[in-house]
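One structure is given below, encoded as structure tokens.
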Amino acid sequence: MSSKIFTPVNQVRFTNVAVIRLKKGGKRFEIACYKNKILEYRKQITTDLGEILQSRIIFTNMSKGVVAKKGELQKAFRTTDEDVIIKEILDRGETQVSGEERKDQLDSLFRDIATIVTEKCVHPDTGRPLTVGLVQKAMKEIGYSVNPSRNAKVQALEVIKLLIAKEDFPIARAQMLLKLSIPMPEATTAREKLTPLLTTVQSEVVAPDNDKLDMVVQIDPSNYRAVDQIVRKEGKGVLELLTASVREEGDEKLGETD
């Protein structure tokens, strides 16, 4: 779809346009919006239709300039109130993009996913971060296809599992660094339950008055909920997140191919 749409009915030329299309009652209805305002509207950052719409005209075929008739609107939406109809199209409609735009969006999402993977993972031997380029290359090798309707973070977690399963790709989840403080006598039982969930215990100190146990530990992110449950609920203690992703210091990144 061209980024410019000519509407011979009213001689309006739309530029930088996002076409939102909704199929209802056997017909399609389209409106012209500003590309950068659609996401803001759906996140409820912008609700003023005047800022979102390039025109309040409702089309059945925007590229040919065919305007929806009142009878068609009444039959499909059971109203001719344009604001009500436009809001439904905005809320439920699909954004139409050109092939080039869709490719750009998919490429951007692909990189976003790879970036999130690098933020959450390290090289298992060195503890240093991986590069986005290296992760992108690995994603292509496993044939990963991004889904534009799914959240980048959700897909990144999926990619991490796939790359770990790949075995020949050096990747591991970056560990979380936590400080745990558990009162006595609950600390004794809690410590036993925590043992299999901890990757590393950096320090472990019983307070001088023997009233609590303080620990600094590293855990795999997948164990966070279990550790939190033991410390807060069962041990009646306090859990503090010190570092979300533990990495080895240094400027050099493994696989600097970007």
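The values are calculated or read from the model by the stated rules, or taken from the named source; none is laboratory data. Please read all numbers here as calculations on a predicted model, not as lab measurements. In this analysis, Cβ positions are derived from the backbone assuming ideal geometry, glycine residues included, and neighbour counts consider all displayed protein chains. Side chains included, ligands, DNA and RNA excluded: accessible areas come from the protein's heavy atoms. Shrake-Rupley method; radii C 1.70, N 1.55, O 1.52, S 1.80 Å.
Counting the residues of region 53-92 that are under 35 Å from the mean Cα position of the chain (by Cα), open to solvent by less than 50 Å² (accessible area, probe 1.4 Å) and of a type outside the set (S, T, N, Q) gives 12.
The set of residues from region 204-215 being open to solvent by 30 Å² or more (accessible area, probe 1.4 Å) and either touching a strand residue (DSSP E or B) at 6+ places or on another chain (Cβ under 7 Å) or free of Cβ contacts under 8 Å to residues at least 24 places away in the same chain (or both) comprises 204, 205, 206, 208, 209, 211, 212, 214. For beta carbons closer than 6 Å, sequence separation of 6+ or different chains, a first residue in region 122-150 that is touching a residue at least 60 places away in the same chain (Cβ under 8 Å) and of a type in the set (D, E, K, R) and a second that is open to solvent by 50 Å² or more (accessible area, probe 1.4 Å) and assigned to a loop (DSSP other than H, G, I, E, B), the qualifying pairs are 128/248. Here residue 95 clears all of (1) open to solvent by 60 Å² or more (accessible area, probe 1.4 Å); (2) in a strand (DSSP E or B) except the condition numbered (1).
For region 53-106, the candidate set comprises residues that are in contact with a helix residue (DSSP H, G or I) (Cβ under 7 Å, 6 or more places away or on another chain) and among the acidic types (Asp, Glu); within that set, the residue that is farthest from residue 23 (Cα to Cα) is 83.
Could you list, in sequence order, the residues of region 159-170 that are within 12 Å of residue 117 (Cβ to Cβ) and either in contact (Cβ under 8 Å) with a residue 12 or more places away in the chain or crowded, with 18+ Cβ neighbours inside 10 Å (or both)? Those that are within 12 Å of residue 117 (Cβ to Cβ) and either in contact (Cβ under 8 Å) with a residue 12 or more places away in the chain or crowded, with 18+ Cβ neighbours inside 10 Å (or both): 159, 160, 162, 163, 169. Going by what's in this entry, would residue 173 be described as closer than 30 Å to residue 105 by Cβ and either in contact (Cβ under 8 Å) with a residue 12 or more places away in the chain or β-branched (Val, Ile, Thr) (or both)? Yes, satisfied.
Just wondering, is there one or more residues in region 115-128 that are open to solvent by less than 80 Å² (accessible area, probe 1.4 Å), small (Gly, Ala, Ser), at pLDDT below 95 and farther than 30 Å from residue 244 by Cα? Steps first, please.
Filtering region 115-128 for residues open to solvent by less than 80 Å² (accessible area, probe 1.4 Å) gives 115-118, 120-124, 126-128.
Within this subset, residues satisfying the condition of being small (Gly, Ala, Ser) are 127.
Still in the list and also at pLDDT below 95: 127.
Those left that are additionally farther than 30 Å from residue 244 by Cα: none.
Within region 115-128, none of the residues are open to solvent by less than 80 Å² (accessible area, probe 1.4 Å), small (Gly, Ala, Ser), at pLDDT below 95 and farther than 30 Å from residue 244 by Cα.
Condition test on residue 111, is it open to solvent by 100 Å² or more (accessible area, probe 1.4 Å), part of a helix (DSSP H, G or I), modelled with pLDDT of 90 or more and of a type outside the set (S, T, N, Q)? Yes; evaluated as a whole, the condition is true for this residue.
Here is a yes/no grid of residues against (1) part of a strand (DSSP E or B); (2) among the polar types (S, T, N, Q):
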{"site": "144", "(1), (2)": "no, no"}
{"site": "156", "(1), (2)": "no, no"}
{"site": "213", "(1), (2)": "yes, no"}
{"site": "223", "(1), (2)": "no, yes"}
{"site": "233", "(1), (2)": "no, no"}
{"site": "241", "(1), (2)": "yes, no"}
